[in-house]
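Trainee: Attaching a single structure in structure tokens format; questions to follow.
The values are calculated or read from the model by the stated rules, or taken from the named source; none is laboratory data. Computed from a prediction, not measured in an experiment: that's the story for all the values here. Neighbour counts are summed over all protein chains in view; Cβ atoms, including those assigned to glycine, are modelled from backbone coordinates with ideal geometry. For accessibility, only protein heavy atoms count, side chains too; no ligands or nucleic acids. Shrake-Rupley method; radii C 1.70, N 1.55, O 1.52, S 1.80 Å.
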Amino acid sequence: MSVPLSAALAQRIIDLASPNVPFNINIMDSTGLIIAAVDPARVGTIHPGARRALERGDEYHVHVADTVSGIQPGVNLPFRSGDRVVGVVGVTGPPAEVETVARILRVTVELTISIEADQSSAELREARDRAFLSRLVHDPHAISGGSLEHELARIHGPWRLTVYFVRDAASPSTWPASILREIEAEYPHVPRRWAIFEDALWVFGAELRGIGSREGSRTMSISTVPTHDVAYLASATHIARAIMSQPSVLSTERTHWSTDELAAEAAVATANSSEVNALAFPLRRVSRRHREILLSYIEANGNIAAIARKVGVHRNSVTRRLDTLYELTGHDARSSTGIVALTLALAAERRLSGENAARP
């Protein structure tokens, strides 16, 4: 795609170059109109030498002045953007003396156009990505209602939404850029959309989960499971959004979660204050030791042997502590209803702790 050189940028190039160049310089557009010059009186007039260069489609050297046409000795070099000629650089003077200067200026102009085009393209992509992700995350009907159907069709599935955020305010302000560099390095050819809002980096694409969420890292992440199912994507995105409204519901023992694991935490994140207090109530008498068993039980999916190895006790001790936990809370972690209630209680307790820590 070709991009024209703006008059303001052309004049800036001449203003920077002219103090070091003992020749008159002009920059013309694709019609031969002077859009920037050392002599401001010439801006807005037609440059005959540039017109000749454009007609020829090649550089045009003038060795002898033509008083009839007004052409002065000099070199006129067309410059390109993409595969199209979009203007001409003209330097007045004996061609043998000014040709090198003209060629350097042409390279400068073409590089400037290329950089401007890249910046404009990047700005457009950033605006497009932000609009897409903002609707995806904040509009509950955008996916299921079909208003994002065209955008989703342009991004080859399976789709995955990942949100990255920092564990605490002490994390460096450069963290989003470092995560983006890591994603680009590991998946250089994977289409993606990204945006930063609400103190989090949202990435929509096929990246593997947990990028940047290394052990000991302050960066944490939540991701949906890769899918072609629009309804699942809508549901999983809702969970991610709910969690990010109250990230304190997450355990600090981990750095990455799948939205499929976070139904209880999402429920707590969207609950009102009285509901959160009620959900946390069963843990009011539970000791640190029994909390450790409960957390290990959830992490190990109920594998008693794995819990015993992690905590460093006999399997019988794990069973006894689970029995005590039942007595203290009224919920048996070994039952489906009990583990749900206790998972909700832990998330509610974390949210209350986070809210209390945030108070001045």
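Trainee: Looking only at strands (runs of 3 or more DSSP E) that lie completely in the stretch 14-129, which have at least 3 residues being open to solvent by less than 10 Å² (accessible area, probe 1.4 Å), more than 30 Å from P191 (Cβ to Cβ) and of a type outside the set (G, A, S)? Lay out the reasoning, then the answer.
Mentor: Working: elements: 24-29, 34-37, 60-62, 74-81, 84-92.
Ranges flagged: 24-29, 74-81, 84-92.
Trainee: Any chance the stretch 282-301 includes a residue that's among the acidic types (D, E), modelled with pLDDT of 90 or more, part of a helix (DSSP H, G or I) and open to solvent by 60 Å² or more (accessible area, probe 1.4 Å)?
Mentor: Kept after step one, since they are among the acidic types (D, E), are these residues of the stretch 282-301: 292, 299.
Imposing the further condition that a residue be modelled with pLDDT of 90 or more reduces the set to none.
Looking through the stretch 282-301, none of the residues is among the acidic types (D, E), modelled with pLDDT of 90 or more, part of a helix (DSSP H, G or I) and open to solvent by 60 Å² or more (accessible area, probe 1.4 Å).
Trainee: Let me ask something else about it. Across the stretch 80-101, which residue is nearest to E59 (Cα to Cα) among those that are among the charged types (D, E, K, R) and within 35 Å of the chain's Cα centre (by Cα)? Give the derivation first.
Mentor: Pass one, the stretch 80-101, residues among the charged types (D, E, K, R): 80, 83-84, 97, 99.
Add one more test, that the residue is within 35 Å of the chain's Cα centre (by Cα), and what stays is 80, 83-84.
Numbers: R80: 12, D83: 16, R84: 14 Å.
Going through the qualifying residues, I end up with R80.
Trainee: Which one of these is farther than 23 Å from H138 by Cβ, within 40 Å of the chain's Cα centre (by Cα), open to solvent by less than 60 Å² (accessible area, probe 1.4 Å) and hydroxyl-bearing (S, T, Y): S258, S336, S251? Walk me through it before giving the result.
Mentor: Numbers: S258 fails: farther than 23 Å from H138 by Cβ; S336 fails: open to solvent by less than 60 Å² (accessible area, probe 1.4 Å).
None of the others qualify; the one that does is S251.
Conditions tested, residue by residue: (1) assigned to a strand (DSSP E or B); (2) on the phi > 0 side of the Ramachandran plot; (3) in contact with a Gly (Cβ under 7 Å, 6 or more places away or on another chain).
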position: V225; (1), (2), (3): no, no, no
position: T237; (1), (2), (3): no, no, no
position: I243; (1), (2), (3): no, no, no
position: S248; (1), (2), (3): no, no, yes
position: T252; (1), (2), (3): no, no, no
position: W257; (1), (2), (3): yes, no, no
position: E265; (1), (2), (3): no, no, no
position: V268; (1), (2), (3): no, no, no
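Trainee: When both residues are 6+ apart or on different chains and their Cβ atoms are under 6 Å apart, which pairs have a first residue that lies in the stretch 136-163 and is in a loop (DSSP other than H, G, I, E, B), and a second that is open to solvent by 30 Å² or more (accessible area, probe 1.4 Å)?
Mentor: Sorted first by the residue in the stretch 136-163, then by its partner, the pairs are A142/R135; I143/V230; I155/P191; G157/H228; P158/P226; P158/H228.
Trainee: Hey, can you tell me all the residues within the stretch 308-328 that are touching a His at 6+ places or on another chain (Cβ under 9 Å) and surrounded by 16 or more Cβ atoms within 10 Å (Cβ to Cβ)?
Mentor: From the stretch 308-328, those touching a His at 6+ places or on another chain (Cβ under 9 Å) are 308, 321-322, 324-325, 328; that's our starting set.
Hits for the stretch 308-328 are A308, R321, L322, L325.
Trainee: On to the next question. Among the residues of the stretch 326-351, write down those that are under 18 Å from E253 (Cβ atoms) and part of a helix (DSSP H, G or I).
Mentor: At the first step, the residues of the stretch 326-351 found to be under 18 Å from E253 (Cβ atoms) are 333, 339, 342-351.
The answer is I339, L342, T343, L344, A345, L346, A347, A348, E349, R350, R351.
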